[in-house]
1. Of all residues in region 210-254, count the ones that are within 15 Å of the chain's Cα centre (by Cα), away from the ligand (no atom under 13 Å from the Cβ) and of a type in the set (A, V, I, L, M, F, W, C).
2. Looking at (1) over 14 Å from Val228 (Cα atoms); (2) of a type in the set (A, V, I, L, M); (3) touching a Gly at 6+ places or on another chain (Cβ under 9 Å), find the lone condition where Val270 falls short.
3. Output the residues belonging to region 287-303 that are within 16 Å of the ligand (Cβ to nearest atom), assigned to a loop (DSSP other than H, G, I, E, B) and surrounded by fewer than 17 Cβ atoms within 10 Å (Cβ to Cβ).
4. Look at region 304-315 and say how many of its residues are in contact with a strand residue (DSSP E or B) (Cβ under 7 Å, 6 or more places away or on another chain) and outside any loop (DSSP other than H, G, I, E, B).
5. Here's a check for you: in region 316-341, which residue that is touching a Lys or Arg at 6+ places or on another chain (Cβ under 9 Å) and part of a strand (DSSP E or B) is surrounded by the fewest Cβ atoms within 10 Å (Cβ to Cβ)?
6. In region 215-234, what count of residues is obtained for those that are part of a helix (DSSP H, G or I) and among the polar types (S, T, N, Q)?
7. Out of everything in region 56-89 that is under 30 Å from Trp127 (Cβ atoms) and among the aliphatic types (A, V, I, L, M), what residue ends up being surrounded by the most Cβ atoms within 10 Å (Cβ to Cβ)?
Amino acid sequence: MIARFGRPLVKSSSLSASNPLTCFARFSTTKHTLSSRESPSSVHAQQKRSWLPPYAPVGVAAALENAESSAPAESTLLEKEFSLADRVALVSGANRGLGLEMAMALLEVGSRAVYCVDLPRTPGEEWNKVQQYISRMSGKGRLEYIAADVRDQNAMWKIGEQIGEKEGRLDTCIAAAGILRPDFDCLQYPAETFSEVMGINVNGVLYTAQAAGRQMERFGNGGSIILVASMSGSITNMHQKWVPYNTSKSAVLQMGRSMACELASRRIRVNTLSPGYIYTTLTGQFLDSQPGLLENWSAQNPTGRLGRPDELRGAVAWLASDASTYCTGSDIIVDGGHRAW
Ligand SMILES: NC(=O)c1ccc[n+]([C@@H]2O[C@H](COP(=O)([O-])OP(=O)(O)OC[C@H]3O[C@@H](n4cnc5c(N)ncnc54)[C@H](O)[C@@H]3O)[C@@H](O)[C@H]2O)c1
């Protein structure tokens with residue numbers, strides 16, 4: 001499994017190990033004067049500094065490597081870099097809403113199994129329908145369900161261990177479980193509700209990331225952890241009194257950056273995903289009971305509408321896959337331009 005990322009960029013026979021400058025000259029697209037200093041973009045230098053996938057080289061390096069060959073050339077971007085073939089994922093809050101949408105996306109790009117963790121003892125109707133739909137797609141993996149509370153660190157770690165035992169790997173994690181409580185004056189905000197929001201949106205996100213990250217480290221394949229934050233971590237939602245929610249999402253942004261820096265050397269990437277307003281049960285509690293709110297929220301971004309859950313699929317597929325191997329410690333904003341205004 002270590003070989004997945006550990007193979008050299010080119011076959012050893014095609015390298016001139018004794019003379020790295022030969023490689024430099026061969027892979028350059030511009031004319032260079034050979035110097036005694038090795039180019040950082042040479043194949044030899046890349047081999048020393050990166051873990052490369054078994055299907056490398058890709059892109060321009062592949063074209064140059066195979067320039068003399070008349071064999072049919074194969075594209076790799078969608079087939080390899082964006083593929084999650086054989087990978088295993090854990091997604092919290094995936095009984096419904098954005099978590100379920102993202103879990104389904106991971107399966108569509110090839111995951112072998114996606115484990116959805118959520119509170120209800122058994123999954124809901126929406127989840128069951130998605131599972132049945134995926135089972136009708138040819139060659140797709142399994143959508144599994146595990147009931148747990150993300151605030152229970154021991155339970156979350158055990159879930160990670162069980163997945164590791166059963167699957168022999170754990171490659172992707174999406175921490176999507178989160179709550180948003182009704183508006184309340186910040187000067188009167190009750191301690192209990194504040195703690196509840198922080199407990200799920202911050203502690204629970206850490207425990208979920210730990211559960212998966214510990215298995216990523218155990219199996220040595222690296223991995224991608226996606227913490228679901230929100231645009232509310234960087235801006236204050238106009239006219240909403242959401243101090244604990246916004247505070248919790250800021251914490252998630254910083255958690256992502258800090259974990260990314262600690263885990264990069266273990267080839268575990270950590271990024272945050274910050275959606276704007278999207279209609280789900282979480283936002284429905286406001287939109288369904290306040291006439292005019294839909295128009296109000298929609299008017300706050302240049303697209304003039306709310307996002308759809310499926311509009312996160314591409315970002316998740318990219319973040320989870322080898323297509324984003326140099327992206328860590330970043331916040332990916334998908335908000336219809338809300339923060340651009
Ligand atoms: N909908 C939006 O507009 C929006 C925007 C930005 C960020 N987000 C974030 O996206 C994530 C998903 O939200 P959603 O809109 O799909 O909401 P949702 O309410 O539909 O889904 C949240 C899920 O988390 C689960 N959950 C809550 N507490 C849990 C716990 N203690 N343990 C395990 N699971 C728990 C819920 O049961 C639910 O299935 C949240 O983190 C939310 O803050 C949502």
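1. Summing the residues that are within 15 Å of the chain's Cα centre (by Cα), away from the ligand (no atom under 13 Å from the Cβ) and of a type in the set (A, V, I, L, M, F, W, C) in region 210-254 gives 3.
2. It is condition (1) that Val270 fails.
3. Asp288, Ser289, Gln290, Ala299, Thr303
4. Result for region 304-315: 5.
5. Among those residues, the one meeting the criterion is Asp331.
6. Number satisfying all stated conditions: 2.
7. Among them, the one singled out is Ala89.
Quick grid of which residues meet (1) modelled with pLDDT of 95 or more; (2) crowded, with 20+ Cβ neighbours inside 10 Å; (3) not in a loop (DSSP other than H, G, I, E, B):
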site	(1), (2), (3)
Gly213	yes, yes, yes
Thr236	yes, no, no
Pro244	yes, yes, yes
Ser248	yes, yes, yes
Asn271	yes, yes, yes
Gln285	yes, no, yes
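The values are calculated or read from the model by the stated rules, or taken from the named source; none is laboratory data. Treat the numbers as computed from the prediction; the structure is a model and nothing was measured. No Cβ is skipped: glycine too gets one built from the backbone with ideal geometry, and neighbour counts run over all protein chains shown.
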